[in-house]
Amino acid sequence: MGQTSLRLDDELEAQIESELSYGDSKSEWIRHAIKMRQQVDPILDEAYESYQREERLELVEAAVRKEVDRRKREVGNGNGGGGR
C-alpha cells in the first residue's frame with residue numbers, strides 16, 4: 001500500500017478527529033473522503049471546471065441536503081426509504 005504524507009491545519013485536523021467513532025482511524029476517514037470525491041468528481045465535471053471548487057462543494061451540499069430531506073419525508077410518511 002502506498003503511503004502519502006500530508007499536512008492539515010489544526011482546525012481541519014480537530015474537525016476530522018471529532019467525527020471519528022470508536023475504532024476509526026484518521027487514515028481511514030481520509031481514504032473514505034478520497035473515494036467519495038472520486039465517485040462524485042466525474043459527475044461534477046459535467047457542470048463545472050475542475051478549478052471551480054467552491055461551486056462544486058455548494059452543489060454537492062445542496063444536492064445531498066435535498067435528498068436527505070426527501071428521504072426523511074418518505075420515512076415520516078411511512079414509506080420506508082432509509083435503505084440503500
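The values are calculated or read from the model by the stated rules, or taken from the named source; none is laboratory data. In this text the structure is predicted, and so the values were computed from the model without any measurement. Positions of Cβ are backbone-derived with ideal geometry, glycine not excepted, and every protein chain shown enters the neighbour counts. These area figures cover heavy atoms from the full protein model, side chains too; ligands, DNA and RNA do not enter into them. Shrake-Rupley method; radii C 1.70, N 1.55, O 1.52, S 1.80 Å.
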- Qualifying residue in region 2-23 (condition: surrounded by 10 or more Cβ atoms within 10 Å (Cβ to Cβ), without any contact (Cβ under 8 Å) to a residue 60 or more places away in the chain and of a type in the set (K, R)): no
- Task: From (1) open to solvent by 100 Å² or more (accessible area, probe 1.4 Å); (2) of a type in the set (D, E, K, R); (3) under 15 Å from the mean Cα position of the chain (by Cα), pick out the condition that doesn't hold for D41.
- Result: (1)
- Condition check for E46: at pLDDT 95 or above and open to solvent by 90 Å² or more (accessible area, probe 1.4 Å): yes
- Message: Tell me yes or no: at least one residue of region 49-67 is surrounded by 10 or more Cβ atoms within 10 Å (Cβ to Cβ) and either of a type in the set (S, T, N, Q) or touching a residue at least 40 places away in the same chain (Cβ under 8 Å) (or both).
- Response: yes
